[in-house]
Amino acid sequence: MQAVLLKGNQNGYQLVLNQSASFEDIMIELEALFEKLKSDPISIEASKVSFDVLTEDRILQSEEKKQIEDLTANYPKFSIHKISANVMTVADAYFLKERENVHLISRTIRNGQEIQLKGDILFLGTIHEGGKLITTGNIFSIGNVAGILHAGFPNSEEKLILGDLHNAQQVRVGEQFDVIDDEKLEEDVQTIAYVNDLHVLTYGSLNELKQINPKLYNRIGGH
Amino acid sequence: MGKAIVITSGKGGVGKTTSTANIGTALALMGKKVCLMDLDIGLRNLDVVLGLENRIIYDIVDVADGRAKLPQALVKDKRFEDRLYLLPAAQTTDKSALTEDQVRDIVDELKPDFDYVLIDCPAGIEQGFLNAIAGADAAIIISTPEISAVRDADRVVGILEQHPLEEEPRLIINRIRRHMMQEGDVMDVDELTHHLGIELLGIIFDDDAVIATSNHGEPIVLEDNNPVSTGYRNIARRLEGETVPLMKIENQEPGFWTKMKQWLKRG
């Protein structure tokens, strides 16, 4: 059984570490492979050879990754571009799902209550004065907001808040916050709150979204 | 088996104690057996409002600590034969003198003997509040049309949603000044009920007579022909499951006989 397989494709060279081989065998074979390649005419000609490492259905510990990198460091012409696997940990998967998920919230957030989430929120409920809705992502609100909305918590300023904000107490995006006083905003469910290039919290309208945040605009289906 | 109802508000001074005394008295007038439980330990008032201050021998902390048996601590209101009792709060200690389990035990001991156990909750949302809701099956939230009272009521409803009782909380809007509500200076009944998102149990108008009567140790509900008294009686009837229409906010045009009387007085 071969523990390390060298492959070439249009992106360069790839080292595939067989998932059923032991890590010790991999390290032995890897060293042998590097020794052989060192004297290969192609690598003598090239100024630098970079490898992508694929670990198949195995996740390397940082200790193991370091061993591979240390080994490579012995060969000045070789370098590791990245180490990737076909699988991820359950914890990472949950994190990703949370982050990509759009949470649907339709409850009432009362005075003194605080809801904190990860990812985007589609808000259909009511926030009373003194209630807080906080998330790492964007907030799209069609509910009644008389409390505080915080998108991009704690510090991502590229997030935004969409909805009728004229009754809110405060609007916060990332580290920027704004007190919504009387008559500051119009009663418009298409209001967008975002942080501009000067790091100032600004308000716009939904039809300006393409200019404000092209990335988000594309993601929610605009072209 | 009776029902334990906690009367709470978050904010102080909105009429929890007055409402407890009056709803309890109104239920007793309807022939129900009622125990009023004062949990405002250290700042007890319910006994004063009921005019039972001088009769207190033991209090709830004595019962919880085993210095007295529960029936020994109950103060009987002689106006209602054996239908209205008070379990007084202690005055020499504070809210931390009781635990939630102790209160629950006392309420559970009272429930088989009474139709209603009304629990007068202290202001605030600290231990005293937690003690008060511990043994309750239902809650009545008191708010005035003032915005600060509404905020605190909102907070309390939020806490009750997180520690749900057997029944959903219901709302009493107290101290309504007709002319202010008519002129739109304060939130009106519908707005308030809608904002808090809980069922309305009743409304009580503001009236000087409330203070005057409670100063004599007589709940206002004992008066006839007083709008506050009618308000509390209506609430008691609704608790008993009757359907009673809400009282009108508008000042009613003086009727024929009232006009006659005024005319006679002038003459």
**Message:** Of A:Gln67, A:Phe34, A:Val4, which is farthest towards the positive pole of segment A:4-84's charge dipole, taken about the Cα centre with +1 and -1 on the beta-carbons of Lys, Arg and Asp, Glu respectively?
**Reply:** A:Phe34
**Asked** For the protein assembly as shown, what is the mean residue ellipticity at 222 nm derived from helices alone (per DSSP H run of n ≥ 4: -39500 (n - 2.57); sum divided by total residues; nearest 500 deg cm²/dmol)?
**Response** -9500 deg cm²/dmol
**Fill in**
Mean projected area, convex hull of alpha-carbon positions in segment B:1-152, reported to one decimal in nm², is 8.1 nm²
**For segment A:4-84, size of Cβ-based charge dipole, Lys and Arg +1, Asp and Glu -1, in debye** = 340 debye
**Request:** Can you tell me the relative contact order of segment A:17-104? Whole percent, Cα pairs under 8 Å, sequence separation 6 or more.
**Result:** 31 percent
**Asked** Could you give me the ³J(HN,Hα) list for segment B:105-115, computed from phi with Karplus coefficients 6.51, -1.76, 1.60 and θ = phi - 60°, whole Hz, x at Gly and Pro?
**Response** 4, 5, 4, 5, 6, 7, 4, x, 8, 10, 7
**Message:** What value in Å³ per residue do you get for the convex hull of the alpha-carbon atoms in segment A:112-222?
**Reply:** 90 Å³
**Complete:** Reduced to Cα centres, the span from segment B:65-104 to segment A:127-205 in Å works out to 50 Å
**Prompt:** For segment B:117-179, what class follows from the C-alpha gyration tensor (a ≥ b ≥ c being the square roots of its eigenvalues): rounded when a/c is under 1.5, otherwise prolate if a/b is larger than b/c, else oblate?
**Reply:** prolate
**Asked** Between exposed GluC sites (Glu not before Pro) in chain B, where DSSP calls loop and at most 11 other Cβ atoms lie within 10 Å, what's the longest gap?
**Response** B:1-80
**Message:** Which residue fluctuates most in the GNM of chain B (Cα springs below 10 Å): B:Gly241, B:Gly217, B:Gly202?
**Reply:** B:Gly241
**Asked** Dipole of the protein assembly as shown, Cα-centred, from +1 at each Lys and Arg C-beta and -1 at each Asp and Glu C-beta, to the nearest 20 debye?
**Response** 860 debye
**Prompt:** Across the Cα atoms of chain B, what radius of gyration and what greatest pairwise Cα-Cα distance (Dmax) are found, in Å?
**Reply:** 18.7, 67
**Fill in**
Distribution output for segment B:156-257: share of Cα-Cα pairs per 10 Å bin in percent, first bin at 0, values 13, 38, 36, 12, 1, 0
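From Cα pairs below 8 angstrom and at least 6 apart in sequence, can you work out the relative contact order of segment A:98-219, rounded to a whole percent?
16 percent
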**Request:** Taking the dipole about the Cα centre of chain A, with the C-beta of Lys and Arg at +1 and of Asp and Glu at -1, give me whichever of A:Asn155, A:Leu201, A:Leu216 is farthest to the positive side.
**Result:** A:Leu216
**Only Lys, Arg (+1) and Asp, Glu (-1) charged, at Cβ; segment A:98-219 dipole about Cα centre in debye** = 540 debye
**Item:** Inter-centroid distance (Cα atoms) of segment B:134-197 relative to segment A:7-58, Å
**Value:** 71 Å
**Complete:** In the protein assembly as shown, taking the dipole from +1 charges on Lys and Arg beta carbons and -1 charges on Asp and Glu beta carbons about the Cα centre, the listed residue (A:Ala168, B:Ile60, A:Gln113) farthest towards the positive end is B:Ile60
**Message:** Starting from the 7 Å offset along Cα-to-Cβ, what nm value, one decimal, do you get for the label separation of B:Glu53 and A:Glu31?
**Reply:** 9.3 nm
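Rule-based calculations on the coordinates, nothing more; no lab input. Treat the numbers as computed from the prediction; the structure is a model and nothing was measured. Here the Cβ is made from the backbone with ideal geometry for all residues, glycine too, and neighbour counts use every protein chain on show.
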